[in-house]
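Each value in this text was obtained by applying a stated rule to the coordinates, not by laboratory testing. Everything numeric in this text was worked out from a predicted model, so none of it was measured. Don't worry about glycine lacking a Cβ; one is built from the backbone with ideal geometry, like all the others, and counts go over all protein chains shown.
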Amino acid sequence: MPKNDVTEEEVGDIEKGKFIESRNVMCYVACIYTMTQVVKNNKLSYEAMIKQVDMMFPAEMRDAVKAAATSCKDIEQVGKIEQGVFLEERNVMCYVACIYKSLQVVKNDKLDMALIAKQIEALYPPELKEPVKKAVSLCIHSQDDYNDLCEKVFHASKCLYEKDPASFIFP
């Protein structure tokens, strides 16, 4: 097992589609993708993935794996969120919600201020902590205008960018 503090129990069922949402497992997956050279400029490269599928997968599996990669490639629509480009499309909204859920800041189908504050303290550099906390306090209630988790998180995230683009980070 590589040196990223994961156990066989945590990653053994990934090939069956069972992912444990822990930082160590996420880092392990990112490491594997990086080692197989499918990450370019800090994001998955569809073209590199297809090339790796051709090289690494048995012929009988290639079409299915390529189909899965193709169905997910439109997630590149979120690639410009950090520059303030928020496409109001369902798949983009749900992708944003998925990211925030994986950061463990969603509770009872909405963003949770206490969980967000905890993650800011743990993950953000010192110079961004206070500006981000301020933006969060200004935007946390923007989710109250929506019933759907994807819409709630998307619009709250968009608000964060609008309130303080210089401090906005989208993972």
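Points to keep in mind about this one:
- When the chain is treated as a Gaussian network with alpha carbon springs shorter than 10 Å, the biggest mean-square fluctuation among GLN52, GLN143, GLN104 belongs to GLN52.
- GNM top mover of SER137, SER157, SER102 - the chain, alpha-carbon springs below 10 Å: SER137
- In the chain the longest region clear of trypsin sites (Lys or Arg not before Pro) that are loop-assigned by DSSP and have at most 15 other C-beta atoms within 10 Å covers 81-171.
- The chain - Debye-derived log10 I(q)/I(0), Cα point model, q = 0.12, 0.15 Å⁻¹: -0.65, -0.99
- Length added when fully stretched, LEU123-PHE170, from 0.36 nm per residue minus Cα-Cα: 15.7 nm
- Net charge of the neighbourhood of GLU151, taken over other residues with C-beta under 12 Å away and scored Lys/Arg +1, Asp/Glu -1, is -2.
- Among ASP112, ASP54, ASP13, the largest mean-square fluctuation in a Gaussian network model of the chain, built with springs joining Cα atoms closer than 10 Å, belongs to ASP13.
- Phi-derived couplings, Karplus 6.51 cos²θ - 1.76 cosθ + 1.60 at θ = phi - 60°, listed residue by residue for the stretch 151-157: 5, 4, 5, 4, 5, 5, 5 Hz, with x used for Gly and Pro.
- Total formal charge among the other residues, if their Cβ is under 11 angstrom from that of ALA122, Lys/Arg +1 and Asp/Glu -1: +2
- Calculated from backbone phi, Karplus (6.51, -1.76, 1.60) coupling profile of the stretch 138-149 in Hz, x at Gly/Pro: 6, 10, 4, 7, 5, 5, 5, 7, 10, 9, 8, 4
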